[in-house]
Amino acid sequence: MELTDDIRYMQQALALAREGVGLASPNPTVGCVLVKDDRVVGRGFHMYEHRDHAEIVALKEAGGEAEGATAYVTLEPCSHHGRTGPCADALIHARVGRVAAATVDPNPQVAGQGLARLAQAGIQVTAGVLQEEARALNNAFAKWIVTGSPYVVLKAALSVDGYLAPPPQRRHTQEPHWLTGAAARAHVQQMRHASDAILIGIGTALADSPLLTDRTNLPRRRKLLRVILDTHLRLPLSSKLVASAADDLLVLCHESASTASEDALLELGVQVERIQSPHQHIDLINALRALAERQITSVLLEGGSRLNAAFLAGDLVDEVDLFYADAELGHGAVPFAEGGPSPYLLEQRLSRLSKAEFGSDTLVTGYLRDPWG
Ligand code: AOF
Ligand code: ZN
C-alpha cells in the first residue's frame with residue numbers, strides 16, 4: 001500500500017521534473033510533490049532562471065500545510081549554499097514529516113549529506129524510490145558535475161544494413177537524404193531539445209549543409225549550441241550554419257588555424273575557440289573540456305562517419321542511440337564509423353540495451369558507461 005503510494009507520487013514528481021528539461025541546465029532537472037493526508041499540497045520543479053529549487057517552489061505553495069507532509073523529491077535535497085540556501089534546512093524548518101528521494105545528488109558538495117542532515121533532524125528518510133527513472137533524467141548533470149566533461153550521446157540514423165548515407169556518387173541533390181521517417185525524426189528533435197549542444201564534423205557540415213536547430217518549439221533557457229569541429233577553419237562563410245549564427249554557433253579549431261579565417265567568422269557572429277592539441281587533429285578531450293567550461297553538460301553527436309569513429313576510438317561516448325530504417329543502402333555506402341566498428345559490433349559492447357519503435361524505424365539505445373558510477 002505504502003509502496004504503491006510512494007511510486008505514484010514519485011511518478012508525479014518525475015513528471016514535474018521533466019517540465020524542467022531545457023530550463024534547468026546546467027543544474028539538474030528536479031521535481032517535488034508535497035503530500036499530506038493523501039492530498040497534494042505543493043508542487044514544484046527547478047528552473048535555473050528562477051533560482052528556487054524544486055522543494056522551495058513546492059514549500060511556498062504548501063505554506064503551513066507542509067507541516068507533517070511527505071516530500072517526494074526526484075533528487076536528494078541539497079545541503080550546501082550555492083545560488084540558494086540548502087533545501088534540506090528548508091524542509092526541516094517547514095517541519096515536514098518524511099522525505100522520499102529518488103536518488104542521491106552526485107554533486108560532491110552534496111553526495112548524501114542532504115539526506116544525512118534530514119535524518120539527523122529526526123525526519124524519516126526513504127531513498128531510491130524510482131531511482132533508475134530519476135537517474136536517467138540527470139545523466140548529463142551527473143557526468144558534468146563529477147568529471148568536468150559533458151555527457152556524450154552518439155546518435156545515428158542508419159539503413160538496415162548499417163550505413164549512414166548513400167555513396168557520394170549516388171547522391172543527386174544537396175538536400176539531406178532521409179533514411180528514417182517522421183516519427184523517428186520528431187524523436188531526434190526531442191533529443192536535441194534535451195541537449196545543451198549538438199556537434200558535427202566539418203565533413204558533415206560540407207556534405208549535408210545542415211541547420212542543426214531545436215525545432216520542437218518547447219521553451220529553453222539557452223539556445224542549443226551548434227558546435228562544428230573544424231581543424232583548419234574550412235566552414236564556408238556562405239553556409240547555412242554561418243548565415244543563421246545568432247550567438248549559438250561555435251567553431252572549434254586547431255590552435256594552428258589561420259587567424260584570417262577566424263576573423264572572418266568572428267565578423268559574422270560565429271564564435272571560434274582554438275583547442276590545444278598535441279597532434280594535428282583537434283584534441284577531443286580538450287574540446288569536450290572547453291565545452292564543459294561553457295556550462296555545456298551534454299553533447300549530441302549527429303554526424304559523420306569520421307566523427308563517430310574518432311569519438312568511439314577515444315572512448316568518449318557515454319550513450320549510443322541507433323535509429324535503423326528498413327531501407328538498404330548496400331555496399332559502397334558511407335559506413336557508420338570510418339575505420340571503426342559496424343553498428344552491430346558496437347551494439348554488442350553496449351549495456352542496458354533497449355529497443356523502441358518509431359513508425360517503421362527501430363531505435364536501439366545502449367550505454368558505454370554509466371555517469372552515476
Ligand atoms: C535540490 N533541488 O531543485 C536542485 C538541486 O547553485 P544552486 O543553489 O542552484 O545549487 C545547484 C546545485 O544544487 C546543483 O549542482 C545540485 O547539486 C543541486 N540541485 N538540488 O535540492 C533542486 N536543482
Ligand atoms: Zn536544493
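The values are calculated or read from the model by the stated rules, or taken from the named source; none is laboratory data. Since the structure is predicted, the reported quantities are computational estimates derived from the model, not experimental observations. As a convention, Cβ positions derive from the backbone with ideal geometry for all residues, glycine included, and neighbour counts pool all protein chains shown.
Quick look at the numbers
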quantity: Matching residues in the range 267-289 - criterion: being charged (D, E, K, R) and under 19 Å from Asp318 (Cβ atoms); calculated: Asp283, Arg289
quantity: Filter result for Pro106 (in a loop (DSSP other than H, G, I, E, B), within 13 Å of ligand 2 (Cβ to nearest atom), buried (at least 18 other Cβ atoms within 10 Å of the Cβ) and in contact (Cβ under 8 Å) with a residue 40 or more places away in the chain); calculated: no
quantity: Residue within the range 191-198 that is touching a residue at least 12 places away in the same chain (Cβ under 8 Å) and farther than 22 Å from Val317 by Cβ present; calculated: no
quantity: Subset of the range 36-93 that is of a type in the set (Gly, Ala, Ser), assigned to a loop (DSSP other than H, G, I, E, B) and crowded, with 17+ Cβ neighbours inside 10 Å - its residue that is farthest from ligand 1 (Cβ to nearest atom); calculated: Ala69
quantity: Selection count where residues are free of Cβ contacts under 8 Å to residues at least 12 places away in the same chain and hydroxyl-bearing (Ser, Thr, Tyr), scope the range 68-100; calculated: 0
quantity: Residue tally, condition buried (at least 16 other Cβ atoms within 10 Å of the Cβ) and out of contact with any Leu (no Cβ under 6 Å at 6 or more places or on another chain), over the range 265-283; calculated: 4
quantity: Selection from the range 26-35 of residues that are in a strand (DSSP E or B), within 13 Å of ligand 1 (Cβ to nearest atom) and β-branched (Val, Ile, Thr); calculated: Val33
quantity: Residues of the range 295-324 classified as in a loop (DSSP other than H, G, I, E, B) and over 15 Å from Arg369 (Cβ atoms), total; calculated: 6
quantity: Residue match in the range 126-136 (condition: among the aliphatic types (A, V, I, L, M), touching a strand residue (DSSP E or B) at 6+ places or on another chain (Cβ under 9 Å), closer than 26 Å to Ser342 by Cα and away from ligand 2 (no atom under 16 Å from the Cβ)); calculated: no
quantity: Residue in the range 198-220 that is under 14 Å from the mean Cα position of the chain (by Cα) and surrounded by 22 or more Cβ atoms within 10 Å (Cβ to Cβ) present; calculated: yes
quantity: Val96 being in a strand (DSSP E or B), away from ligand 2 (no atom under 13 Å from the Cβ) and either out of contact with any Phe, Trp or Tyr (no Cβ under 7 Å at 6 or more places or on another chain) or among the acidic types (Asp, Glu) (or both); calculated: no
quantity: Test: residue in the range 36-44 that is within 30 Å of Leu300 (Cβ to Cβ), within 15 Å of ligand 2 (Cβ to nearest atom) and modelled with pLDDT of 95 or more; calculated: yes
quantity: Only listed residue being farther than 23 Å from Leu252 by Cβ, under 13 Å from the mean Cα position of the chain (by Cα) and surrounded by fewer than 19 Cβ atoms within 10 Å (Cβ to Cβ), chosen from Gln169, Gln190; calculated: Gln190
quantity: In the range 284-301, the residues that are over 10 Å from Trp144 (Cα atoms) and of a type in the set (Gly, Ala, Ser); calculated: Ala287, Ala290
quantity: Extreme residue, farthest from Pro166 (Cα to Cα), among residues of the range 326-337 that are at pLDDT below 95 and in a loop (DSSP other than H, G, I, E, B); calculated: Asp326
quantity: Tabulated pairs, the range 114-126, first among the aliphatic types (A, V, I, L, M), second not in a strand (DSSP E or B), C-beta under 6 angstrom, 6+ apart or interchain; calculated: Leu115/Glu76; Leu118/Ala88; Ala121/Ile92; Val125/Leu115; Val125/Leu118; Val125/Ala119
quantity: Counted residues, the range 109-151 - those being within 16 Å of the chain's Cα centre (by Cα) and not in a helix (DSSP H, G or I); calculated: 5
